[in-house]
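Asks: Take this structure, written in structure tokens, and hold onto it; I'll ask about it next.
Only the coordinates and a few stated rules stand behind these numbers; no lab work does. Everything numeric here is computed off the predicted structure, so don't read it as measured data. Don't worry about glycine lacking a Cβ; one is built from the backbone with ideal geometry, like all the others, and counts go over all protein chains shown.
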Amino acid sequence: METPLSNSGNPPIKTAHRAPLALSGLDFKLLKVFKAVVEAGGFSAAQNELNVGLAAISKQISDLEIRIGMRLCTRGREGFHLTEEGRLVYQASIDLFASVDNFRDRLSSAQNELIGDLGVGVIDNTISDPNSPLVAALKRMNEESPKVRFQLQAAQLDEIERGVVEGRLVAGIVPVYQRREEFDYYPLYDERSHVYCAVGHPLFDMPETQMDSDVLQQYECINHRYAIHRDKLNYTRYDSFSASATQVEAVALLIKTGRFVGFLPQHYAATLVAAGQFRAVLPERINIVTPFNLILRHNTVRSPLVKAFAQVMGVDLKASA
């Protein structure tokens, strides 16, 4: 269905003295649709999330643009892009819904009942780590607060940090390579990594007695982009990084070619080692320890929901590291 704004190539004229917007229930609904479209990356991608058709989404966004008197995005063959006003409205909608959630959390706490959305980001390929408290924490929280809705996102480190900063995620569970002032850090556990080779690599069948700590200097090593450990250069040459990867599974795929060595978490590689496909190279001497922390945005009010999640994760929010 066409609307006055969708038929026009120009944004509506902004009056010099526009009355303040009084939000109604419909406005909240339209803003939720807009937020979902932005986070999905476009109208088509948002259909599954919103469970409505493309035409309905387009009309709702057009209705919102008319309602607030701003063009929020461009859409067409060139793709989906936010305008400057759209970016402002998107960030304001994040703050709005966070405030609503906080209000609801405080009321629920007064009633001794937690309710609301718990958005948590976790780094990829950590499900096999027995040291991670996340699975047990989610189970306990669901048992104790069944009205809490989990929104769990497995993503790369930079995506999780950005989600916490922007307020789309309330918390992240991440490896810590360097600290950022935007976050408060709370220790959870340590992850141990070794360097691995695969069947077909010269090191795979080499007796350990013929290896020394400098053995990796002779072979091409994978640069795991976000896993920035200075200690790695104690075992490898910087110019030996002839391949790069972002995620743990991508590192494992490159190792599996038999052409490279690379660092992997011990828990992740365990099944590949047990299957006879991978081998740890001098694991007693070559290993890296990475601290995993719960991160929360710095200088923000901790809602009852966040406090409850931190508690089941075994974190004392009074002791920021």
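Asks: Per-residue counts of other Cβ atoms within 10 Å, averaged by peptide: what ranking do you get for 249-256, 53-60, 64-71, highest first?
Replies: Going from most to least packed, we get 249-256, 64-71, 53-60.
Asks: Please give, to one decimal in nm, the separation of the simple spin-label points placed at E284 and Q153, each 7 Å out from Cα toward the Cβ.
Replies: Roughly 4.5 nm, to one decimal.
Asks: How compact is the chain by the rule of thumb for globular proteins, expressed as Cα Rg over 2.2 N^0.38 Å?
Replies: 1.24
Asks: Okay, next question. Rounded to the nearest 0.05, what FRET efficiency is calculated for T74 and E144 with R0 set to 51 Å and r the Cβ-Cβ distance? Display every interim value, and only then the final one.
Replies: Details: r = 46 Å, r/R0 = 0.89.
Once the sixth-power term is evaluated, E becomes 0.65.
Asks: Mind sorting H224, H298, H267 by how few other Cβ atoms lie within 10 Å of their own Cβ, fewest first?
Replies: Working: H224 22, H298 14, H267 18.
Going from sparsest to densest Cβ surroundings: H298, H267, H224.
Asks: What is the Cα centroid distance between region 30-60 and region 240-265, reported in whole angstrom?
Replies: 37 Å
Asks: Using θ = phi - 60° and the Karplus relation 6.51 cos²θ - 1.76 cosθ + 1.60, list the HN-Hα couplings for region 132-138 in order, rounded to whole Hz, with x at every Gly or Pro.
Replies: 6, x, 5, 4, 5, 5, 5
Asks: A further question follows. Neighbour counts of other C-beta atoms within 10 Å: give me D105, D124 arranged from fewest to most.
Replies: In order of increasing Cβ crowding within 10 Å: D124, D105.
Asks: Something else: Collect residues whose amide H, placed 1.01 Å from N in the peptide plane, falls under 5 Å from the amide H of Y185; neighbours closer than 5 in sequence don't count.
Replies: A321
Asks: So what is the relative contact order for the chain, in percent, with contacts set as C-alpha pairs under 8 Å and at least six apart?
Replies: In percent, rounded to a whole number, it is 20.
Asks: Next up: Quick query: amide H of F278 versus all other amide H atoms, modeled in the peptide plane; which residues come in under 5 Å with a sequence gap of 5 or more or a different chain?
Replies: V273
Asks: Oh, and also: 222 nm [θ] for the chain, helices only, -39500 (n - 2.57) per DSSP H run of 4+, per residue, to 500? Present the calculation step by step, with values, prior to reporting the outcome.
Replies: Details: 9 runs with 110 residues, N = 321.
Calculated from helices alone, the mean residue ellipticity at 222 nm is -10500 deg cm²/dmol.
Asks: Points 7 angstrom from Cα along the Cβ direction at Q178 and D190: gap in nanometres?
Replies: 2.3 nm
Asks: Can you tell me the orientation of helix 157-166 relative to the chain, as the angle in degrees between its alpha-carbon axis and the longest Cα principal axis, to the nearest 10?
Replies: Once rounded, the angle reads 30 degrees.
Asks: Give me T209, T300 sorted ascending by neighbouring Cβ count inside 10 Å, so fewest comes first.
Replies: T209, T300
Asks: Another question, then. Using a/c under 1.5 as the rounded threshold, could you call region 54-128 rounded, prolate or oblate? The axes a ≥ b ≥ c are square roots of the C-alpha gyration tensor eigenvalues, and prolate needs a/b larger than b/c, oblate otherwise.
Replies: oblate
Asks: Just to verify a number: FRET efficiency for V100 and M211, C-beta to C-beta distance, R0 = 51 Å, to 0.05?
Replies: 0.30
Asks: Here is a further query. List the relative contact order of region 20-69 as a percent without decimals, with contacts defined as Cα pairs under 8 Å and 6+ residues apart.
Replies: Values: 26 pairs, mean separation 19.5, N = 50.
After rounding, I find 39 percent.
Asks: Using 1/(1 + (r/R0)^6) with R0 = 35 angstrom and r between the beta carbons of R259 and R162, what's the FRET efficiency to the nearest 0.05?
Replies: 0.55
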